[in-house]
1. Between the helical axis of 464-486 and the dominant principal axis of the chain, each derived from Cα atoms, what acute angle in degrees is found, rounded to the nearest 10?
2. Just list whichever of Lys97/Lys522; Lys481/Lys522; Lys386/Lys448; Lys7/Lys57 have alpha carbons separated by over 20 Å in the model shown.
3. Would you please put 580-589, 187-196 in order of how densely packed they are, using the mean number of other Cβ atoms within 10 angstrom per residue and starting with the highest?
4. So how do Thr385, Thr404 line up by other beta-carbon neighbours within 10 Å, fewest first?
5. Once R0 is set to 25 Å, what does the formula 1/(1 + (r/R0)^6) return for the Cβ-Cβ distance between Ala338 and Ser208, expressed as a FRET efficiency to the nearest 0.05?
6. With r as the distance between the Cβ atoms of Thr551 and Phe255 and R0 = 45 Å, compute the FRET efficiency 1/(1 + (r/R0)^6) and round to 0.05.
7. Using the Karplus curve 6.51 cos²θ - 1.76 cosθ + 1.60 with θ = phi - 60°, work out ³J(HN,Hα) for each residue of segment 32-48 in order, rounded to whole Hz, and write x for Gly and Pro.
8. How many nm is it between the label spots at Thr11 and Leu360, if each spot is 7 Å from the Cα in line with the beta carbon?
Amino acid sequence: MIREQLKSHITRAIQAAQAAGDLPPFEIPAFTVDHPRQANVADYAVSIAMQLARIAKLPPAQIAQAIVKRLELEGAATVELAGPYINFRLSPQYLTKQVSAILDAGKQWGNIDIGAGKRIQVEHGSANPTGPLTVAAGRNVVIGDTLANALSAAGYDVQREWYVNDAGNQIRHFGESVYARYAQQLGRDEPFPEDGYKGDYIGDIAKSIIEVDGDKHLSLPRDEARRTLGKIGIDAIMDSVRASLLRVGIRHDNFFSERSLHESGQFERVLPILREKNLLVEYDDALWFSEDGSPIRKGETRKPRHDSTDAPAETDEVVNDNKGAVQVVVIRSPRVIAEPAERPTYFASDIAYVWNKLVLRGFDRAIYVWGEDHQGDVPRLMAVTKALGLDANRVVLLIYRFITLMRNGQEVRMGKRSGNIVTLDDVVDEVGADATRFVLLSRTIDTKIVFDLDLVKKQSDENPVYYVQYAHARICSILRKAAEEIGESRLEIGSKLPGEISNLKSQTSLYEHPSELALIRKLLELEEVVDLVATQLQPHHLPAYAQSLATTFSAFYRDCHVLGEAPEVTAARLRLVRATQATLANTLALMGMSAPEKM
């Protein structure tokens, strides 16, 4: 990246100034090279002279002069001093060379190597398998998938995982719901559970079970039948979820079963670590985790992890994490849950799961993408991670805000348990997969999104999705027209131009028009955007960059004729157009979107 190259030049200049005696010996602190707030001032700026003033005990302006005196940029940029600030302006010669570099990189353009092959797991989606994938959960998977794309482009070895919550209270409620509909459809007078899932999809699952198995499950003991039908229902839901994910271009490397943590004995193997530290406490017939080992204090009741805001609280899961040390139930009392296999809480599974990720599978970092209803779970997971003797910095919890879906100026209400569901498939059917992904990425993850279905369907510049994809389609149109005029059937992204254009020395033709240079500068930002997304874990930078790139290209196309100019000018500008196509296509790919050639 250009910023890293400039940092290296600055570091060498400081060392040279120290060797010459213009600066005293000191260890060079970490510093950054940034874009100035006013773009017309410079391309990059650094304020390291201000940082070094106290260390070197010299005026900042004198330090800046000593650094600039020994900067060797080999014509890549011009340097200006503004008091203690060092400003860099990339040269036309340097910018011209970068167009060839972009074309040579092709689909790899934008890839960097800050990850150096470190293993990162991005766990995203992971909604309770108690109903179809909702549009609310859609934001989760789109955020996670895009982060995984960016982390891969940044040089990390990334695994994408879905955690299947196939254990616990909600699964019991789900199984009871399927059983009730199954029995009712077979003519039995079976009351529907008060806290069951009322959506029509429950009846559809029951019907499909009858088509395959008939009434055989009615002859089983009720609890066994409920567990069996619940498992069949979970499998059906997960098949539906996978199909919905594929519609928006999302594939997980692994679907990890929560139940497996208990059935494999992993949970039981982790508990002794906490017991040896006296962090597990028996209280009221339940087993608690107490962060500091202190006796259990009665505290507030809060909801466990779930994916629906109308799920009931589990009243035995009491936490005191806002009143000191975390205290939370690990295994419920048999007075609350009769079935032993269903007594471990979600938190119990979290304990084994973080151990599985960081120890058994050895990921360098585990990223969890959770909805805002999980905010209260954050201190609990971090506390138990530390209690297990693991580095809490290896665990990253991203909390995203939910969405408000609007149609005809009215909010569309959603709720899985009530049966009033807006699925991800519903939205994709209405506005398309690309538009869905773009909108769900368009704000910082801690900002609530208003998803206006009517706006997203507009084919105008008001619609940012249309605006960005139309820019790519327009570029393809320009290249098609160029191919027709040159006599070639098609153009491919690459460093070579066909026909007579390829014989011109466009590589040595300088770009001089301000709009040409502005466009090249914008193309070079892609590496920085990938770096930003991978380090800040905020994917909204990608759609923002895509819109900015489309705007910059429009200004270039307005100001600079591509076809019909002198051959060397046409050749150079066609290369720039194709470099823009590569950059925009790669940006769309990082967002999991298509790059249409016609619209």
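We did not get these values from a lab; they are worked out from the coordinates using the rules stated. What you are looking at is a predicted structure, and each value in this text was computed from that prediction instead of being measured. Please note: Cβ atoms are built from the backbone with ideal geometry, for glycine as well, and neighbour counts cover all protein chains shown.
1. Result, in degrees: 50.
2. Beyond 20 Å: Lys481/Lys522; Lys386/Lys448; Lys7/Lys57.
3. Those peptides, ordered most packed to least, come out 580-589, 187-196.
4. Ranking Thr385, Thr404 by Cβ neighbours within 10 Å, fewest first, gives Thr404, Thr385.
5. Working from the Cβ atoms, E equals 0.25.
6. The pair Phe255/Thr551 has a calculated efficiency of 0.65.
7. Running phi through 6.51 cos²θ - 1.76 cosθ + 1.60 with θ = phi - 60° gives 10, 10, 10, 7, x, 4, 9, 5, 6, 6, 5, 7, 9, 8, 9, 10, 4 Hz.
8. It works out to 4.0 nm between the two label points.
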